[in-house]
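A.B. asks: I am attaching a structure below and will ask some questions about it afterwards.
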Amino acid sequence: MSDNTDVKLLDEFVVQYNNFRSEISKVIVGQDEVVKEVLISIFCDGHCLLVGVPGLAKTLLVQTISDTLGMSFNRIQFTPDLMPSDIVGSEILDENRNFRFIKGPIFSNIILADEINRTPPKTQSALLESMQEKSVTNAGKTYNLDKPFFVLATQNPIEQEGTYPLPEAQLDRFMFNVVLDYPSYDEEVQIVKQTNSGISTTLNTVMNSEDIIKYQDLIRRIPVAHNVLEYVVSLVTKTRPNNGQDINNMTQYIEWGAGPRASQFMLLAAKCNAAINGKYSPDIEDVKAVAKPILRHRLVKNYKAEAEGISVDNIIENLM
């Protein structure tokens, strides 16, 4: 680290992070890797896409995180008839016959975009500017969003009827694509027992907006060894067909690879993964720990991968 102040701040961050995890575990049973990846995206000032079948507590996880942070929270239920103005807001003619902008639910610190693929691309695109620029433009005027700002979106992978797949440009703006799997037998027993006890859980606020921004700045300042930086760029480059670096010939299954944004996100996420484990600089193991959620929504498989039953995660594992 650059100085003793940053070292002390990093030690403080580890304690705060563990407190954060402890509060979330009061409500969320298991899903440790999922919770870690969502929290990394928050501390890296990124957005997160949660993909899983119904009933795996995707929405509950986001609501629990918002309850433990002293920040504003809005939930937007995406439906086929949702309009862009329902998200960003619209102008109205007031009693003085003047146009006045009424802010939509996007003006909040944490946005839960529930079932984001249920709305047409026109409405999905209303999130693009806010996710990238942290601002909203309406009638030629730009309104800045409060910081920090996160979009945590959920998506059901098995229901295809009446859904609209997210465009690649919007997928690329999500830092992580986090896949939720079924809980284990013991975890499910605990879930059923906990939710049928009639006992309500009180969550404590462990961080506020100032804390989040402070830790985001700290993580960006964490130094990185040159060999780790080269490994990140090399791994992302290997995902691109005809790159000349893929010794396992896995690019035969890839139609399109990841762009430079993947390299930027991967290095930042590796820094955060190192920080939460009390390390002052990331190593290659930290990069590998975050590679799958960074890359899985940025690779487009071709027909050969589909025919041979090769998943995106299989491709990433072989590239590493």
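Just so it is clear, none of the values below were taken in a lab; they were calculated from the coordinates. Computed from a predicted model, the values in this text were never measured in an experiment. Here the Cβ positions follow ideal geometry from the backbone for every residue, glycine too, while neighbour counts run over all protein chains shown.
A.B. asks: Run the reach check for LYS304 against aspartates and glutamates, Cα to Cα strictly under 14 Å, same-chain hits fewer than 8 apart removed. What comes back?
C.D. replies: LYS304 reaches GLU255.
A.B. asks: In what order do ASP211, ASP146 fall by count of nearby beta-carbon atoms within 10 Å, going from fewest to most?
C.D. replies: ASP146, ASP211
A.B. asks: Ranked from highest to lowest mean number of other Cβ atoms within 10 Å per residue, what is the order of the peptides 50-63, 183-196?
C.D. replies: Values: 50-63: 18.6, 183-196: 12.0.
The packing order, highest mean first, is 50-63, 183-196.
A.B. asks: While we're on this one: Which shape class applies to the stretch 68-137: rounded if a/c is under 1.5, otherwise prolate when a/b exceeds b/c and oblate if not, where a ≥ b ≥ c are the square roots of the Cα gyration tensor eigenvalues?
C.D. replies: oblate
A.B. asks: So, one more: For LYS147, list the lysines whose Cα falls under 30 Å from its own Cα; do not include residues on the same chain fewer than 8 positions away.
C.D. replies: LYS8, LYS26, LYS36, LYS58, LYS103, LYS122, LYS134, LYS214, LYS271, LYS279, LYS288, LYS292
A.B. asks: While we're on this one: Under a Cβ-only charge scheme (Lys and Arg +1, Asp and Glu -1), can you give me the dipole magnitude of the stretch 4-210 about the Cα centre, in debye to the nearest 20?
C.D. replies: With only Lys, Arg, Asp and Glu charged at Cβ, the dipole is about 480 debye.
A.B. asks: At a Förster distance of 25 Å, what's the computed FRET efficiency of SER200 paired with SER25, Cβ-Cβ distance as r, to 0.05?
C.D. replies: 0.95
A.B. asks: Let me ask something additional. Enumerate the calculated ³J(HN,Hα) couplings along the stretch 53-66 in order (Karplus 6.51 cos²θ - 1.76 cosθ + 1.60, θ = phi - 60°), each rounded to whole Hz, writing x wherever the residue is Gly or Pro.
C.D. replies: Whole-Hz 3J(HN,Hα) from phi for the stretch 53-66: 5, x, x, 9, 6, 5, 5, 4, 4, 5, 5, 5, 4, 5.
A.B. asks: Modelled label-to-label distance, SER85 and GLN252, 7 Å Cα→beta-carbon offset: nm?
C.D. replies: 5.5 nm
A.B. asks: Here is a further query. Residue farthest toward the positive end of the dipole of the chain, with Cβ of Lys/Arg at +1 and Asp/Glu at -1: which of SER184, ASN19, CYS272?
C.D. replies: Sorting the options by dipole projection puts first CYS272.
A.B. asks: Can you compute the helix-only [θ] at 222 nm over the chain? Use -39500 (n - 2.57) per DSSP H run of at least 4 residues, normalise by all residues, nearest 500 deg cm²/dmol. Don't skip to the answer; put the middle values down first.
C.D. replies: Details: 14 runs with 143 residues, N = 320.
Calculated at 222 nm, the ellipticity per residue is -13000 deg cm²/dmol.
A.B. asks: Another question, if that's okay. All other residues with a Cβ under 15 Å from the Cβ of SER66 taken together, and with Lys, Arg as +1 and Asp, Glu as -1, what is their net charge?
C.D. replies: -2
A.B. asks: Classify the stretch 223-319 from the C-alpha gyration tensor, please: rounded if a/c falls under 1.5, else prolate or oblate depending on whether a/b exceeds b/c.
C.D. replies: Verdict is prolate for the stretch 223-319.
A.B. asks: According to the square roots a ≥ b ≥ c of the eigenvalues of the Cα gyration tensor, what is the shape class of the stretch 1-115, taking rounded for a/c under 1.5, prolate for a/b larger than b/c otherwise, and oblate for the remainder?
C.D. replies: Oblate shape, in that a/c is at least 1.5 and b/c is the bigger or equal ratio.
A.B. asks: What does the charge add up to near LEU203, with Lys and Arg as +1, Asp and Glu as -1, over the other residues with Cβ less than 12 Å from its Cβ?
C.D. replies: Overall, the nearby charge balance is -1.
A.B. asks: Then there's this: Using the count of nearby Cβ atoms within 10 Å as a rough guide to exposure, how do ASP172, ASP217 rank from fewest to most?
C.D. replies: Exposure proxy ranking, most exposed first: ASP217, ASP172.
A.B. asks: Please compute the modelled spin-label separation between PHE99 and LYS8, points set 7 Å along Cα→Cβ, answer in nm with one decimal.
C.D. replies: It is 5.3 nm.
A.B. asks: Report the local net charge at LYS103: Lys and Arg +1, Asp and Glu -1, summed over other residues whose C-beta lies under 13 Å from its C-beta.
C.D. replies: After counting each charged neighbour, the total is -1.
A.B. asks: How many percent of all Cα-Cα pairs in the chain sit more than 30 Å apart?
C.D. replies: 39 percent
A.B. asks: Dipole of the chain (Lys/Arg Cβ +1, Asp/Glu Cβ -1, origin at the Cα centre): which of MET71, VAL34, GLY104 lies farthest to the positive side?
C.D. replies: Projecting each Cα onto the dipole axis, the largest value belongs to GLY104.
A.B. asks: Moving on. Please go through the stretch 94-136 and write out the GluC sites (Glu not before Pro) that DSSP classes as loop and that have at most 14 other C-beta atoms within 10 Å.
C.D. replies: Counting only loop positions with at most 14 other Cβ atoms within 10 Å, the GluC sites (Glu not before Pro) in the stretch 94-136 are GLU95.
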